Amino acid sequence: MTPWMASGLVYASGLALTAGSITLLYIVTRTFNFAVASMATFGFYVAYTGVAIYGGLPYQYYPLVFLFGSFLGIVCYYGLNRHLLYRQAAEITLMMSTLGYDLVLLSFIQMYADFLTHTYRLFPRRVTMNTYDFELFGERAAAIILPIIAIVFLTALHMFLTKTKFGVAMRATIENPILAGASGINSDKVYLVSWVISGGMASLGGAFMAMAMTGSPTMGMFTIPLMFAGAILGGLTSLYGGILGGFMIGMTEYAGVFYLSQQLGPWVLGYRMGIPLILMAVTLLFFPRGLAGIPLSKYLKSLSGKKRGDGV
Amino acid sequence: MLTVTNLNSGYGKLQVLYDLNIEVPGKGITVIVGPNGAGKTTLMSSIMGIARVTSGEIIYENIPIQGELTHNLAKKGISYVPQMGNVFAELSVMDNLNMAGFLMPRDEVKKKSEQMTEIFPVLKKFIHRDAGTLSGGERRMLAIAMGLMKNPKLMLLDELSTDLAPIIAEKVMMEVARLRDELGITILMVEQMAKRALEIGDNAYLMVSGEVRYSGKADDLLHEPELCSMYLGIKPDSGQIADVAKPSVEGSEE
Amino acid sequence: MSSEKMNGIKFDPREFFLRREVMVIIVILALLTFLYSSRGVNIILTIFIDFAVFAIITMSLNLETGYTGVPQFGRVAAVIIGAFAVGAIPGRIMAAMMGLPSGLEYASDTVNFRLVPEITALLTTSYLYSLLFLLGSLAIAAVCGAGIGWLISRPAIRLKEAYLGISLLAFGDFFMWVGHNWTGLVGGSVPVNVPDPFRIFGGMRFTIIVLVIFVIAFLVFLYLQKLTKSPFGRSLRMIRDNDVSAGAAGKNIVSVRTQSLVIGAAIAALGGGLYVLYVSSVASIGFTRLTFTFWPWAFMMLGGIGSNIGVLLGVFLLSILRTMIVIFRYQWFGFLTVFGIDPLWLEFTLLGAVIIIVILFMPHGLVPEKIEPMLPKSRVRRVLERRQLAKEGAK
Ligand SMILES: Nc1ncnc2c1ncn2[C@@H]1O[C@H](COP(=O)(O)OP(=O)(O)O)[C@@H](O)[C@H]1O
Ligand SMILES: [Mg+2]
């Protein structure tokens, strides 16, 4: 693997999780979660605190990262989102409320960074998590391990959503909340579980991304447009679309920066954010509903000659 | 069993129902008929805690239930088959039935699903297909099966016969009558097939523009020629069902 | 609403003091008095400047979000354009006219710090030059802002709600990144100095700036009040409340929204330009989403979305609280320093908490938007009077 591909894979896996987190929460609760920014940053800090103070590898702290993200999600649900959902608040209100939560979390992150500096004599404002990594088959281990973790996690999530009763009930609520309620499915629980999962995903994604970029208190704040771009690219209608969108955004950014800086010179590096944002703008212009709006399955079906259900 | 008193409700700022009074006695079929846009569906969704109730009382088994959450009503034994969006289009037929039995133990769900596929063999044929790929009639049958799955005490059925072929519609009507006669289920149903519904029904209400225009025995409504022809499109002499859409326009202008 | 209140005949002192606006004003005055007595006049002037600059920016946000219903999460873009335009263009024009270097090298730090004092020296020779420079700079800012508003509106205008908000946020960030990196424009991460048209006032500079920004903010306020009460304003609200029916009523949604975005961006750019003239340098790193998008959102939400008076009060109250945290942070939150924590971060906590509290407990803000009757006030009053008479007649 070329170096850009290795970091690109790590970074894109992280973005895929965060974009998936945004999408999942959006399709369940109509909430565009700004707080993914701080949840991701907190995810990074949990892993960093682990390796810097207690030693070991970053990977062994990932369960803790996930749990902490879920905790942040639960707090947001019970403290904020739940009341607004019952009030049937507008989408923008829901979104703003998570922004408020995000800013509060951001202040806590900054304070925590101060605390780490002061109490443990660490330098938590410019962290290269790479230094805690090891080599595997001549590559950085992260480039191999993280995509695997991501795939395992997403497969488990897929099994949960399709094979378990509660998972199917979640999909039922997403599709038709009224009928789901009339069937006795408690939407409150569905919302809570979606916050738990998406909070954990966001934090895990943040911990991933920190393996490819400099970890800092503002890393989530600076990358949130990309996470949103991933979710929007995915069309905001399917979890898998969001995950794919995030992954594509991440890879495009790395590949684009690599090739453009070879062609045009290193000044391109400063504008790296522009590449994924342009990708998003272009998608929105041509496919206002994102990747999901591209009738991909129709093309595939027409290729394989199969016809979808004869009824309707 | 279910008493609705002075109900005012609607969606957002829009008020649809005005001081509505409905009484659904136990173990009987109560039929609600009326032109399109009269607020029949809104009544059902008000009972289920979906539409916004601004004032009035809804009493179910002597307990007020307005403001109660929908899934709690399902737990209390109310089964609702909505007019629109009554199946989960993205889930398979089997998952749809499983979701309908969400509150029941696993083996009971299995037993009930088998019963349902016996009543509606079509469902058995398509058991692994997504419900979204079913035809309108098949979908409606799935919706009814889902409503019946739940062993309800009270069923709210919104326009069951729409989209169904006449033979199947008749079968569904007979099934509804059987539910009352054999299982003693209380039923509140909205029907466009007004004549047939009034025949099997015990009590009837005629709703127009969010208000009750007539209440009484179902049979008696059939003998109100003026109301029948004006709002239901039943010609008093022939007993045939005429074009329903046209009179409904006149009705809503009232 | 009772008809007495509509008629405004009686003056009830209790009702007057219980009105939200009046209560907020009293609180603001009390806080200002407290600050003045403990910290002197300079802190008051700083608050005034903060207030006026952010009032302009927040009112522009309110036009787009409150009146038009566009979730403008990219406010920082227009502010940056205004700031950079003032940082890059008027100085270069002056330099070119004076025969000094005015190309890309103008922004490079080794040239810039010698150039700008020369230009400022020329400005100090004449009130006319200073005034022209000031007005020219503001005009340039507004024009560039309008341009960017139009550009952003192109892809954005057809999107809806959250989609639109996120796209605007992304555009805003994009411009932020360009500003941070494009050294030729305003020096990238190294601040570029801006000629100072207020230097001519010497020791009075600060006070005059306060006055000028205040006057401009007031003019913007009057303009927006007039605009939102005009037929155009009514179209805006109609589209905001229900774009389908507005479209059916023959409103050209795209064109009305575009106009609103263009005007809003021009005003926001004006605010950015004024801010730059006040600090007399552009440090692109200071123009962040947090300061120029999220703070204005908090101001607007606290004040009351869709109400210009409310927005002004919101900006004023929150600017004071913000300043108070900065000033008194060690006094009030000193215990945090035991853990090595700088209490300055509480500014973010305040920002987030205000947003949350407003959403949960007073969704319409301090001064809720008044439902504007479609008829002029005098007509409404006459109708009400007639109705009152009819009622009395019936008795
Ligand atoms: N979800 C909704 N939101 C807003 N208005 C609705 C909604 N559903 C129905 N309405 C309005 O309420 C009125 C009554 O509708 P409905 O109860 O569906 O009538 P019916 O079932 O008798 O045909 C209609 O005017 C319809 O436009
Ligand atoms: Mg109906």
Q: Run down B:248, B:238 and say which single residue is more than 16 Å from ligand 1 (Cβ to nearest atom) and either at pLDDT 85 or above or assigned by TED's automatic domain parsing to the domain that holds residue B:10 (or both).
A: B:238
Q: Please enumerate the residues belonging to the range B:176-214 that are within 16 Å of ligand 1 (Cβ to nearest atom) and assigned to a strand (DSSP E or B).
A: B:188, B:189, B:190, B:204, B:205, B:206, B:207, B:208, B:211, B:212, B:213, B:214
Q | Filter result (outside any helix (DSSP H, G or I) and either at pLDDT 95 or above or β-branched (Val, Ile, Thr) (or both)) within the range A:1-34 | A | A:2, A:31
(Q) Could you go through the range A:48-62 and let me know if any residue there is touching a Leu at 6+ places or on another chain (Cβ under 8 Å) and buried (at least 24 other Cβ atoms within 10 Å of the Cβ). (A) no
**Q.** Test set (1) free of Cβ contacts under 8 Å to residues at least 12 places away in the same chain; (2) in a helix (DSSP H, G or I) - residue C:120 fails condition number
**A.** (1)
Q) Within the range B:92-135, how many residues are surrounded by fewer than 16 Cβ atoms within 10 Å (Cβ to Cβ), more than 8 Å from chain A (Cβ to nearest Cβ) and of a type outside the set (Val, Ile, Thr)? A) 13
Q: Please tell me if residue C:21 is touching a Leu at 6+ places or on another chain (Cβ under 9 Å) and within 19 Å of residue C:154 (Cα to Cα).
A: no
(Q) Take the conditions out of contact with any Leu (no Cβ under 6 Å at 6 or more places or on another chain), touching a residue at least 60 places away in the same chain (Cβ under 8 Å) and either small (Gly, Ala, Ser) or within 14 Å of chain C (Cβ to nearest Cβ) (or both) and apply them to residue A:36. Does it pass? (A) yes
**Q.** Residue that is farthest from the other protein chains (Cβ to nearest Cβ), among those in the range C:326-346 that are within 30 Å of residue C:65 (Cβ to Cβ) and surrounded by 19 or more Cβ atoms within 10 Å (Cβ to Cβ)
**A.** C:346
Q) In this structure, does residue B:73 turn out to be under 30 Å from residue B:8 (Cβ atoms), away from ligand 1 (no atom under 16 Å from the Cβ), in a helix (DSSP H, G or I) and modelled with pLDDT of 90 or more? A) yes
Q: Would you tally the residues in the range B:76-91 being part of a loop (DSSP other than H, G, I, E, B), surrounded by 24 or more Cβ atoms within 10 Å (Cβ to Cβ) and within 16 Å of ligand 2 (Cβ to nearest atom)?
A: 1
Q: Sort out which residues of the range B:117-138 are more than 13 Å from residue B:85 (Cα to Cα), assigned to a helix (DSSP H, G or I) and of a type outside the set (Val, Ile, Thr), and write them in order of number.
A: B:118, B:121, B:123, B:124, B:125, B:137, B:138
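A quick yes/no check of all residues on (1) within 16 Å of ligand 2 (Cβ to nearest atom); (2) part of a helix (DSSP H, G or I); (3) touching a His at 6+ places or on another chain (Cβ under 6 Å); (4) within 14 Å of residue A:180 (Cβ to Cβ):
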position	(1), (2), (3), (4)
B:95	no, yes, no, yes
B:102	no, no, no, yes
B:115	no, yes, no, no
B:140	yes, yes, no, no
B:145	no, yes, no, no
Q.
Just to be sure before I move on: is residue B:6 in a strand (DSSP E or B), away from ligand 1 (no atom under 16 Å from the Cβ) and either farther than 19 Å from residue A:88 by Cβ or over 15 Å from the mean Cα position of the chain (by Cα) (or both) in the structure I sent?
A. yes
Q) Somewhere in the range A:101-111, is a residue among the hydroxyl-bearing types (Ser, Thr, Tyr) and over 25 Å from residue A:189 (Cβ atoms)? A) yes
Q: Could you check how many residues of the range B:24-67 are among the charged types (D, E, K, R), more than 27 Å from residue A:86 (Cα to Cα) and within 14 Å of ligand 1 (Cβ to nearest atom)?
A: 0
Q | Matching entry among A:93, A:164, A:155, A:98 (being modelled with pLDDT of 90 or more and within 14 Å of chain C (Cβ to nearest Cβ)) | A | A:98
**Q.** Top-ranked residue in the range B:52-75 [being facing another protein chain (nearest Cβ under 10 Å) and touching a strand residue (DSSP E or B) at 6+ places or on another chain (Cβ under 9 Å); ranked as surrounded by the fewest Cβ atoms within 10 Å (Cβ to Cβ)]
**A.** B:52
Q. Across the range B:12-40, what is the number of residues that are within 13 Å of ligand 2 (Cβ to nearest atom) and over 19 Å from residue B:159 (Cα atoms)?
A. 0
Q.
For residue A:47, only one of the following conditions fails: (1) free of Cβ contacts under 8 Å to residues at least 40 places away in the same chain; (2) more than 14 Å from chain C (Cβ to nearest Cβ); (3) not basic (Lys, Arg). What is its number?
A. (1)
Q. So residue C:257 fits all but one of (1) surrounded by fewer than 23 Cβ atoms within 10 Å (Cβ to Cβ); (2) on the phi < 0 side of the Ramachandran plot; (3) in contact (Cβ under 8 Å) with a residue 12 or more places away in the chain; what number is the exception?
A. (1)
(Q) Among the residues in the range B:123-138, are any away from ligand 1 (no atom under 16 Å from the Cβ) and acidic (Asp, Glu)? (A) yes
(Q) Here's a check for you: in the range A:221-235, which residue that is more than 17 Å from residue A:199 (Cα to Cα) and facing chain C (nearest Cβ under 9 Å) is modelled with the lowest pLDDT? (A) A:232
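The values are calculated or read from the model by the stated rules, or taken from the named source; none is laboratory data. What you see is a predicted model; the values in this text were computed from it and never measured. Positions of Cβ are backbone-derived with ideal geometry, glycine not excepted, and every protein chain shown enters the neighbour counts.
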